[in-house]
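Visitor: Got a structure here, written out as structure tokens. Questions coming.
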Amino acid sequence: MLNFHHPDGNISEIYRLNQIKRKGVVKRMMNFKVGITRDFVKPDGSSDLDNIAGTLFDKVGLEWEYIADNTSHLTGEQVRDYDALLVLGAAITEKTFIGAEKLSIIARFGVGYDKVDVDACTENGVLLTIAPDGVRRPVATSIMTFILSLSHQLLIKDRLTREGRWEDKQDYMGMGLVGRTLGLVGMGNIGKETFKLAKPFGMNHITYDPFVNSEDATDVEAEIVDLETLMSTADFVCVCCPLTEDTRGLINEKYLSMMKPTSYLINTARGPIVDQKALTDVLANNRIQGAGLDVFEIEPIQDDDPLLGLDNVIVTPHSICWTDECFELNGKSACQSIINVASGELPQWIVNREVVDSPKLRVKLR
């Protein structure tokens, strides 16, 4: 005879308690409002985020809307009615929290948070989350796109073909990847994924990262080296670290001068990590072979910036990883973090872990 008793007690009682808990969660979600920054909205009024937010938030009964004003800096007046913010590019400062007593989570669409005052978030009992699971593969793929485009001199050969300079192709031999050295400055989630993608190309892997351990490096067949060794031996120097006070200006004239004349620099992280003037000088004087840049010290890059006049650099508008895959993964990750908090649960990708013990946050979660 089948036993319908739950090992932890009467199944009907457990069912009743679960129903009560579920009703409590649903009630809490119905009182939970999400504000989405308007920089997701295109000029024609449409947004690719509608389907993602609509599917995930509507399913659990969360109220959501785009913030009325589009600004580079969010103020307390703009966000005071929201329990959660889903943020693309807007800056978060101390002014954001003035009068925003309900706010419990800011979910960044992506992994960079250099525009967010993390201490202010913590002081005001607000969780800051990022979406590393959304950018890991797309950004790693972008780095490989730069490596392949640069090593095959893709844009130069495109221009030769369009200009009818067919015979000039003899002057632009590419670089094979087998046996070349791929050096990553920073080996977090994106760096590890880049090494995994690069493995079939037969390259040597080295990395500089003060926070990585030998076990992590061994997993992706990489050697941990100091920055001087990486800059002087890598054929492709790829910047993969976050922008912090320690990494701002890290790749300066000193380190750029160590690079081989046949090497390339790739930056898909943040522009201020690399001294842009020093990089422009080494590129203009052919002291390195070329560069692939998705990020710049000032964005958007100015029309008269000398970088734009160089033939040996590929530039993209901080969007090389902007694919349907990247957008969907980032959107789902950020929305899930908000849903977790609306359910009274802690999300996975918290930046300011110390806020978890904050009395202010605990009150909001209750």
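The values are calculated or read from the model by the stated rules, or taken from the named source; none is laboratory data. Because the structure is predicted, anything quoted here is derived from the model rather than measured. No Cβ is skipped: glycine too gets one built from the backbone with ideal geometry, and neighbour counts run over all protein chains shown.
Visitor: I'd like to verify a number: residues in segment 25-46 that are more than 20 Å from the chain's Cα centre (by Cα), among the polar types (S, T, N, Q) and at pLDDT 95 or above, how many? Break it down stepwise before answering.
Guide: Step one: list which residues in segment 25-46 are more than 20 Å from the chain's Cα centre (by Cα), which gives 25-35, 42-46.
Subsequent filtering for residues that are among the polar types (S, T, N, Q) retains 31, 46.
Subset that is at pLDDT 95 or above: 46.
Total satisfying the criteria: 1.
Visitor: Residue by residue through segment 148-187, note down the ones that are part of a helix (DSSP H, G or I) and not charged (D, E, K, R). Break it down stepwise before answering.
Guide: Taking segment 148-187 as the starting set, the residues that turn out to be part of a helix (DSSP H, G or I) are 148-151, 154-162, 166-171.
Residues satisfying the conditions are 148, 149, 150, 151, 154, 155, 156, 160, 161, 166, 170.
Every residue, every condition in (1) in a helix (DSSP H, G or I); (2) free of Cβ contacts under 8 Å to residues at least 24 places away in the same chain; (3) farther than 20 Å from residue 35 by Cβ, yes or no:
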| residue | (1), (2), (3) |
| --- | --- |
| 326 | yes, no, yes |
| 329 | yes, no, yes |
| 332 | yes, no, no |
| 336 | yes, no, no |
| 340 | yes, yes, no |
| 347 | no, no, no |
| 355 | yes, no, no |
| 361 | yes, no, no |
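Visitor: Is segment 219-238 home to any residue that is hydroxyl-bearing (Ser, Thr, Tyr) and closer than 26 Å to residue 296 by Cβ? Walk me through it before giving the result.
Guide: Quick first cut of segment 219-238, residues hydroxyl-bearing (Ser, Thr, Tyr) only: 229, 232-233.
Checking which are closer than 26 Å to residue 296 by Cβ leaves us with 232.
Within segment 219-238 (the criterion being hydroxyl-bearing (Ser, Thr, Tyr) and closer than 26 Å to residue 296 by Cβ), the answer is yes, since at least one residue qualifies.
Visitor: Between residues in segment 59-77 that are of a type outside the set (A, V, I, L, M) and residues that are assigned to a strand (DSSP E or B) and at pLDDT below 95, which pairs lie under 9 Å by C-beta distance while being six or more apart or on different chains?
Guide: none
Visitor: Quick test for you: out of 260, 199, pick the one residue that is out of contact with any strand residue (DSSP E or B) (no Cβ under 9 Å at 6 or more places or on another chain) and touching a residue at least 12 places away in the same chain (Cβ under 8 Å).
Guide: Values: 199 fails: out of contact with any strand residue (DSSP E or B) (no Cβ under 9 Å at 6 or more places or on another chain).
Among 260, 199, only 260 is out of contact with any strand residue (DSSP E or B) (no Cβ under 9 Å at 6 or more places or on another chain) and touching a residue at least 12 places away in the same chain (Cβ under 8 Å).
Visitor: Let me ask another. Picking from 194, 207, 161, which residue would you name as being free of Cβ contacts under 8 Å to residues at least 40 places away in the same chain, among the β-branched types (Val, Ile, Thr), surrounded by 21 or more Cβ atoms within 10 Å (Cβ to Cβ) and not assigned by TED's automatic domain parsing to the domain that holds residue 361?
Guide: Values: 194 fails: free of Cβ contacts under 8 Å to residues at least 40 places away in the same chain; 161 fails: surrounded by 21 or more Cβ atoms within 10 Å (Cβ to Cβ).
Selected residue: 207, the only one of 194, 207, 161 that is free of Cβ contacts under 8 Å to residues at least 40 places away in the same chain, among the β-branched types (Val, Ile, Thr), surrounded by 21 or more Cβ atoms within 10 Å (Cβ to Cβ) and not assigned by TED's automatic domain parsing to the domain that holds residue 361.
Visitor: Somewhere in segment 292-312, is a residue outside the structural domain of residue 83 (by TED's automatic domain parsing), among the β-branched types (Val, Ile, Thr), assigned to a loop (DSSP other than H, G, I, E, B) and surrounded by fewer than 14 Cβ atoms within 10 Å (Cβ to Cβ)?
Guide: Within segment 292-312, one or more residues are outside the structural domain of residue 83 (by TED's automatic domain parsing), among the β-branched types (Val, Ile, Thr), assigned to a loop (DSSP other than H, G, I, E, B) and surrounded by fewer than 14 Cβ atoms within 10 Å (Cβ to Cβ).
Visitor: Another question about this same structure. In the set 53, 68, 131, 84, which member is surrounded by fewer than 18 Cβ atoms within 10 Å (Cβ to Cβ) and either within 30 Å of residue 234 (Cβ to Cβ) or hydrophobic (A, V, I, L, M, F, W, C) (or both)?
Guide: On the way: 53 fails: surrounded by fewer than 18 Cβ atoms within 10 Å (Cβ to Cβ); 131 fails: surrounded by fewer than 18 Cβ atoms within 10 Å (Cβ to Cβ); 84 fails: surrounded by fewer than 18 Cβ atoms within 10 Å (Cβ to Cβ).
Criteria check complete, one pass: 68.
Yes/no matrix, rows are residues, columns are (1) farther than 19 Å from residue 122 by Cβ; (2) in contact with a helix residue (DSSP H, G or I) (Cβ under 8 Å, 6 or more places away or on another chain); (3) among the charged types (D, E, K, R):
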{"residue": "63", "(1), (2), (3)": "yes, yes, yes"}
{"residue": "71", "(1), (2), (3)": "yes, yes, no"}
{"residue": "77", "(1), (2), (3)": "yes, no, yes"}
{"residue": "100", "(1), (2), (3)": "no, yes, no"}
{"residue": "109", "(1), (2), (3)": "yes, yes, no"}
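Visitor: Then there's this: Please go through segment 259-289 and give me each residue that is assigned to a loop (DSSP other than H, G, I, E, B), more than 21 Å from residue 190 (Cβ to Cβ) and not acidic (Asp, Glu), ordered by number. Lay out the reasoning, then the answer.
Guide: Keep residues of segment 259-289 that are assigned to a loop (DSSP other than H, G, I, E, B), which gives 259-263, 268-270, 275, 285-289.
Next, from what is left, pick out any that are more than 21 Å from residue 190 (Cβ to Cβ): 259-262, 275, 285-289.
Answer for segment 259-289, where residues must be assigned to a loop (DSSP other than H, G, I, E, B), more than 21 Å from residue 190 (Cβ to Cβ) and not acidic (Asp, Glu): 259, 260, 261, 262, 285, 286, 287, 288, 289.
Visitor: Answer yes or no: is there a residue in segment 4-11 that is modelled with pLDDT under 50, more than 30 Å from residue 126 (Cβ to Cβ), among the hydrophobic types (A, V, I, L, M, F, W, C) and surrounded by fewer than 10 Cβ atoms within 10 Å (Cβ to Cβ). Before you say what the answer is, go through the steps one by one.
Guide: At the first step, the residues of segment 4-11 found to be modelled with pLDDT under 50 are 4-11.
Okay, now just the ones that are also more than 30 Å from residue 126 (Cβ to Cβ), so 4-11.
Filter once more, keeping what is among the hydrophobic types (A, V, I, L, M, F, W, C): 4, 11.
The next check asks that each one be surrounded by fewer than 10 Cβ atoms within 10 Å (Cβ to Cβ); those that pass are 4.
Scanning segment 4-11 turns up at least one residue that is modelled with pLDDT under 50, more than 30 Å from residue 126 (Cβ to Cβ), among the hydrophobic types (A, V, I, L, M, F, W, C) and surrounded by fewer than 10 Cβ atoms within 10 Å (Cβ to Cβ).
Visitor: With respect to the numbered conditions (1) farther than 29 Å from residue 130 by Cβ; (2) out of contact with any helix residue (DSSP H, G or I) (no Cβ under 8 Å at 6 or more places or on another chain), which one is the sole condition not fulfilled by residue 340?
Guide: (1)
Visitor: For the condition farther than 25 Å from residue 156 by Cα, touching a helix residue (DSSP H, G or I) at 6+ places or on another chain (Cβ under 9 Å) and in a helix (DSSP H, G or I), what is the one hit in 191, 249?
Guide: Working: 249 fails: in a helix (DSSP H, G or I).
That would be 191, the only listed residue that is farther than 25 Å from residue 156 by Cα, touching a helix residue (DSSP H, G or I) at 6+ places or on another chain (Cβ under 9 Å) and in a helix (DSSP H, G or I).
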